[in-house]
Amino acid sequence: MEWQCLTKAECEKRLGTNAHNGLSSRESRNRLREYGKNELEPPKKKSFMRRFLAQFSDFMVIVLLIAAGISFITSYLQKDDDYIDAIIILAIVVINAITGLVQESRAEKAIEALKKMSSPHAHVIRDGVERTVAAAELVPGDLVLLKAGDLVPADLRLTESYDLKAEESALTGESLPVSKRAEGTYPSGTPLGDRRNLLFSTSSITSGHGMGIVTATAMQTEVGRIAHMISSQESPQTPLQRKLEQTGRWLGIGALVICAVIFIMGLFQHVQPLEMFLISISLAVAAIPEGLPAVVTIVLAIGVRRMAAKRGIVRRMPAVETLGSASVICSDKTGTLTQNRMTVVELATASGKLRLDSSEGQNLLKLAVLCNNCTVSGGNVHGDPTEAALVHATSTSKVELDALYPRVLEIPFTSERKMMTTVHRLANGQYRVISKGAPDVLLAHCTSRSASSQNEAMARRALRVLGVAYKDLPALPKDREDLEKNLNFCGLIGMIDPPRPEAKEAVALCRRAGIRPIMITGDHAATAAAIAKDLGILTPGTSVMTGEELNRTNQQELTRDIYQYTVFARVSPEHKVRIVQAFQRAAR
């Protein structure tokens, strides 16, 4: 169900709830029995015995086990007590299985330790009363209250929002918090990151507050669908596994054919059938390299240990070999190729760029830090990532600036106004008005608007641009609207989530190794393209494909044209599966 298409009233009616009083306690209990707990289903685990037996599925191992069994039986029938061959073969096979099983168990424990992003409690309205319940007890139709700092406990359709922003990078790949609004609807097929009237489970509220109706819980949420897709994907055989299976099959068949021929030749020479049979079995055991599976397992285990030392967890031991055979690496952008931290990278005025460490540049940043609601405690900056970037960029601490220029008034930022204004008392008794916000909006309040071209140039480079303006007044006007008139434009601040320092060299190393790096992100195409060009992923002759274009392309066409693209932007989790499958099929 695409809930972004429905109005608040339609969602309320369809979910059988009340947007003011929520569900009754009785109805919530009934729905909990119907829908189950709001928890992701853990993937079905194989029993210890099944995982142990799976280690013996290799064709070569099966042939060895058959040969060992026959050797044991013939030794028993001849009563010569010569079981050494059978014992050695069985020991090698069992050691091989135990090594594989132990490695898989270690990887499973490491992955369990990495599980996070849980919301243990939620604030809801039931029976018209606000109460705190376990997030696992939420049901569709529940009315949930959210404020800055909360984790979203389920998928919600907003009914109220007040300057609400949510951080959804783990789900959509967008590095900046997204403004959310209860009003309005969005058409079917709207990308996940553009559904501004919805909140998604495991995202977090960075500012503002709001209220929403639960539309989906547990495995029906967007993050639940991702979990299902991951658990339902069958792991393909690695190149080494395919080669070993092929080699083992040919060796096994070849050995059996040769042994059959020798057995028949021996019969023609009037050798005793049992004696000839034992000779044939001995030849079969000798022809099959029973040490090969053990050697391969040991080598892979060493590779896994080395990967673990570099903080790379390999879930299935044979997969470590696949890294050496990789021809394409698909990577997310936010937090993987980039630092997932907004950073000031450029300052400018109408006349040109400013150096960050220049006095004029630092004055611009100080004004922006004063017109800023971040808090600093214990050396850490808390608040909106964009505002935090400004605090990190200035050479003077925010605490010191706030003490020198105490704030006496604030006109807060809203999504409609797209700007924020604060008033500070100066040492001479006058007042300084500082405004910051979207440059196109802010310039309309300034005496000069000549910085428009600089703003456009910075925006084309996918920078998030803020404008800063100010004016000094001898006294505060009676009308607050007069505070934001005839401002003196100070400058533009350009920010971006920058690439990790090591990412560019890693991309270059991949290319030298013959590996094609691919960026797949939920962020906007312009931002993704700018980062990809900087890293060397988006090169001449390649282009960007968006999720909207993917929706219009069938899988056969995507597989055919997949190598034309190195960046996929504004994509959903389902798109990521399609892209990886297209690369896998194109490589065959």
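The values are calculated or read from the model by the stated rules, or taken from the named source; none is laboratory data. Everything numeric in this text was worked out from a predicted model, so none of it was measured. Note that each Cβ is placed from the backbone with ideal geometry, even for glycine, and that neighbours are counted across all protein chains shown.
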- prompt: Name the residues in region 305-328 that are crowded, with 16+ Cβ neighbours inside 10 Å and modelled with pLDDT of 85 or more, would you?
  reply: Val328
- prompt: Is it true that Ser105 is at pLDDT 70 or above, on the phi < 0 side of the Ramachandran plot and of a type in the set (S, T, N, Q)?
  reply: no
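Tell me which residues, restricted to region 158-185, are among the small types (Gly, Ala, Ser) and more than 20 Å from Lys418 (Cβ to Cβ). So that I can check it myself, show each step before the final result.
Taking region 158-185 and keeping what is among the small types (Gly, Ala, Ser), we get 161, 166, 169-170, 173, 175, 179, 182, 184.
Passing the criteria: Ser169, Ala170, Gly173.
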task: Give just the number: which of (1) assigned to a helix (DSSP H, G or I); (2) modelled with pLDDT of 75 or more does Arg51 not satisfy?
output: (2)
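Do we have Thr422 as surrounded by 14 or more Cβ atoms within 10 Å (Cβ to Cβ) and either in contact with a Cys (Cβ under 9 Å, 6 or more places away or on another chain) or in contact (Cβ under 8 Å) with a residue 24 or more places away in the chain (or both) here?
Judged against the criteria, Thr422 is a match.
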query: Would you say Leu367 is out of contact with any helix residue (DSSP H, G or I) (no Cβ under 9 Å at 6 or more places or on another chain), within 22 Å of Ser450 (Cβ to Cβ) and buried (at least 17 other Cβ atoms within 10 Å of the Cβ)?
result: yes
- prompt: Being among the small types (Gly, Ala, Ser), touching a residue at least 12 places away in the same chain (Cβ under 8 Å), over 30 Å from Leu367 (Cα atoms) and surrounded by 21 or more Cβ atoms within 10 Å (Cβ to Cβ), is that true of even one residue in region 486-499?
  reply: no
task: Working only within region 531-548, note down all residues that are buried (at least 18 other Cβ atoms within 10 Å of the Cβ) and assigned to a helix (DSSP H, G or I).
output: Ile531, Ala532, Asp534, Leu535, Gly547
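Would you mind stating whether Ala389 is in contact with a Ser or Thr (Cβ under 6 Å, 6 or more places away or on another chain) and either closer than 25 Å to Arg341 by Cβ or in contact (Cβ under 8 Å) with a residue 12 or more places away in the chain (or both)? Full working, then the answer.
Details: in contact with a Ser or Thr (Cβ under 6 Å, 6 or more places away or on another chain): yes; either closer than 25 Å to Arg341 by Cβ or in contact (Cβ under 8 Å) with a residue 12 or more places away in the chain (or both): yes.
Answer is yes for this residue.
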- prompt: Hey, any hits in region 508-517 for a residue that's touching a residue at least 40 places away in the same chain (Cβ under 8 Å), within 23 Å of the chain's Cα centre (by Cα) and crowded, with 21+ Cβ neighbours inside 10 Å?
  reply: yes
field: Subset of region 26-37 (residues that are touching a strand residue (DSSP E or B) at 6+ places or on another chain (Cβ under 8 Å) and either more than 17 Å from Leu145 (Cβ to Cβ) or of a type in the set (Val, Ile, Thr) (or both))
entry: Arg31
statement: Selection from region 478-527 of residues assigned to a loop (DSSP other than H, G, I, E, B), touching a Ser or Thr at 6+ places or on another chain (Cβ under 7 Å) and hydrophobic (A, V, I, L, M, F, W, C) yields Ile515
query: Between residues in region 574-588 that are over 10 Å from Leu550 (Cβ atoms) and residues that are surrounded by 15 or more Cβ atoms within 10 Å (Cβ to Cβ) and aromatic (Phe, Trp, Tyr), which pairs lie under 7 Å by C-beta distance while being six or more apart or on different chains?
result: Ala586/Tyr563
task: Quickly run through region 349-386 and pick out the residues that are acidic (Asp, Glu) and either modelled with pLDDT under 90 or over 15 Å from Val468 (Cβ atoms) (or both).
output: Asp357, Asp384
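Tell me the strands (runs of 3 or more DSSP E) entirely within region 122-181 that contain at least 1 residues that are in contact with a Pro (Cβ under 8 Å, 6 or more places away or on another chain). It would help to see each step written out before you state the result.
Working: elements: 129-134, 143-147, 155-167, 178-180.
Once the strands (runs of 3 or more DSSP E) in region 122-181 are filtered for at least 1 residues that are in contact with a Pro (Cβ under 8 Å, 6 or more places away or on another chain), what remains is 129-134, 143-147, 155-167.
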- prompt: Any idea which of Ala569, Ala532 is under 30 Å from Leu365 (Cα atoms) and hydrophobic (A, V, I, L, M, F, W, C)?
  reply: Ala532
